[in-house]
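Some notes on the structure that comes next.
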Amino acid sequence: MFDADTTALLRAVLEEVCENISVYETCARTHVASKILEAASNGQLSIDELKSAGQQALNASYDVALISAQRDRNSIGSSNLRRP
C-alpha cells in the first residue's frame with residue numbers, strides 16, 4: 001500500500017505518539033495505528049498531520065479508559081452497598 005519511506009514515517013510517528021504507552025497496551029496502540037493509517041490513506045502525509053491524527057486517537061482512547069474505569073469503580077462501589 002505505502003512505499004518503504006512512507007511506512008518508516010508511519011512507524012516513527014506511531015512510536016513517537018505512543019512513547020509513553022506500554023507496548024502491552026495493544027488496544028490503545030492499535031487504535032492509534034489505525035487512525036494514523038487512515039489519515040495517511042486520506043492523503044494526510046505530513047508529519048504534523050499524522051502526529052495530530054495519532055494524538056487525537058490517543059486522547060480518545062484515554063477518555064474511553066477513564067470512563068470505563070469510572071464505571072467500574074461505580075459498579076464496584078454500588079455492589080458493595082447491596083445487601084445479600
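The values are calculated or read from the model by the stated rules, or taken from the named source; none is laboratory data. Since this is a predicted model, take the numbers as computed values, not measurements. Please note: Cβ atoms are built from the backbone with ideal geometry, for glycine as well, and neighbour counts cover all protein chains shown.
At-a-glance table
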| item | result |
| --- | --- |
| Subset of region 1-30 (residues that are free of Cβ contacts under 8 Å to residues at least 24 places away in the same chain and charged (D, E, K, R)) | D3, D5, R11, E15, E19, E25, R29 |
| Residue satisfying condition, being among the small types (G, A, S), assigned to a helix (DSSP H, G or I) and free of Cβ contacts under 8 Å to residues at least 24 places away in the same chain, within set A40, A33 | A33 |
| Residue that is surrounded by the fewest Cβ atoms within 10 Å (Cβ to Cβ) [pool: residues in region 44-59 that are assigned to a helix (DSSP H, G or I) and aliphatic (A, V, I, L, M)] | I47 |
| Index of the failed condition, V13 passing every other in (1) more than 12 Å from the chain's Cα centre (by Cα); (2) at pLDDT below 95; (3) assigned to a helix (DSSP H, G or I) | (2) |
| Test for E25: is it of a type in the set (D, E, K, R) and under 16 Å from S61 (Cα atoms) | yes |
| Qualifying positions in region 7-24 - more than 11 Å from Q55 (Cα to Cα) and surrounded by 15 or more Cβ atoms within 10 Å (Cβ to Cβ) | L9, L10, I21 |
| From D72, D63, residue being of a type in the set (D, E), over 21 Å from L9 (Cβ atoms), at pLDDT 65 or above and assigned to a helix (DSSP H, G or I) | D72 |
